[in-house]
1. I need every pair where a residue in region 175-188 that is surrounded by 15 or more Cβ atoms within 10 Å (Cβ to Cβ) has its Cβ under 9 Å from the Cβ of a residue that is assigned to a helix (DSSP H, G or I) and of a type in the set (S, T, N, Q), sequence separation at least 6 or different chains.
2. If I filter region 67-82 down to residues being touching a residue at least 40 places away in the same chain (Cβ under 8 Å) and among the small types (G, A, S), which single residue comes out as surrounded by the most Cβ atoms within 10 Å (Cβ to Cβ)?
3. Just give me the residues in region 178-217 being at pLDDT 80 or above and polar (S, T, N, Q), in sequence order.
4. Only residues that are more than 23 Å from D6 (Cα to Cα) and either of a type in the set (A, V, I, L, M, F, W, C) or crowded, with 21+ Cβ neighbours inside 10 Å (or both): list them for region 89-118, please.
5. Considering only region 129-138, I want to know if a residue exists there that is of a type outside the set (A, V, I, L, M), more than 27 Å from E11 (Cα to Cα), assigned to a helix (DSSP H, G or I) and in contact with a His (Cβ under 7 Å, 6 or more places away or on another chain).
6. Read through the list (1) among the basic types (K, R); (2) within 25 Å of D32 (Cβ to Cβ); (3) touching a residue at least 24 places away in the same chain (Cβ under 8 Å), then give the number of the only condition that K85 fails.
7. Of all residues being in a helix (DSSP H, G or I) and not polar (S, T, N, Q) in region 119-128, which is surrounded by the most Cβ atoms within 10 Å (Cβ to Cβ)? Just the residue, please.
Amino acid sequence: MQKLEDEVQIEFHCMHSAYENIRPCTNEKQKDQMLDAWKKGQTGYPLVDACIRSLRHTGWLNFRMRAMIVSFACYNLWLDWRVIKDWLACQFTDYEPGIHICQLQMQAGVTGINSIRVYNPIKQAKEQDPEGVFIRRWVPELRDVPTEFIHRPYQIPPLMEMMNPMNRHGYPNEIVEFETTSRIAKDRIYSIRKQKEARRESQDVFERHGSRRNSRT
């Protein structure tokens, strides 16, 4: 909260200026389609969709799942953090601007001082919801899908689906390929981090906003 108090412009601008235009919109229609699918919980990634739908209904998610849905939006869909900022703010019943904005920038990789955290929604689903209980609750289209396919339902063999019709009701395939989009996003972020000027500004950002135990003389 103090970060926002000290530097109010971070509500609209990246803490680190080198990342200000890293996510330019080259295809407005495609961006709107991806944003709409993300907001509706129709990305084809069951845990992401379950979290979004749960958030819309309850107004709350735990910290790990908040980080995951932001990671997916900013890295895999390559949406600017400002595009999702206000929508998420309207969903959270515990919304606090300073915390929300700083956490968004950190998760989007635009502070220049935090680790790049790309959450794998398949890995997270298998670890946090191995039986698909949460997924089936919030994505009822998948309630009849066998557990072995609950995290990637598009991998159900066609013959199995023909012999045992499942209630998928048009649940979409994955909107993007996770491994490919993650690699591209990381390459773009790290290409900036390697630049000499960017490293110098990162030090300035750290001096203003970095968490450290010992004060500097």
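The values are calculated or read from the model by the stated rules, or taken from the named source; none is laboratory data. Computed from a prediction, not measured in an experiment: that's the story for all the values here. Neighbour counts run over all protein chains shown; Cβ positions are idealised from the backbone, glycine included.
1. I175/Q33; I175/N76; V176/N76; F178/N76; T181/N76; S182/N76; A185/N76
2. Looking at residues that are touching a residue at least 40 places away in the same chain (Cβ under 8 Å) and among the small types (G, A, S), I get S71.
3. Residues satisfying the conditions are T180, T181, S182, S191, Q195, S202, Q203.
4. Going residue by residue through region 89-118, those that are more than 23 Å from D6 (Cα to Cα) are 90-93, 116-118.
If the condition is that a residue be more than 23 Å from D6 (Cα to Cα) and either of a type in the set (A, V, I, L, M, F, W, C) or crowded, with 21+ Cβ neighbours inside 10 Å (or both), then C90, F92, I116, V118 are the ones that fit.
5. no
6. Failing condition for K85: (3).
7. P121
Conditions tested, residue by residue: (1) in contact with a Leu (Cβ under 8 Å, 6 or more places away or on another chain); (2) over 25 Å from R137 (Cβ atoms); (3) surrounded by 13 or more Cβ atoms within 10 Å (Cβ to Cβ).
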site	(1), (2), (3)
Q2	no, yes, no
E7	no, yes, yes
C51	yes, no, yes
L55	yes, no, yes
F63	no, no, no
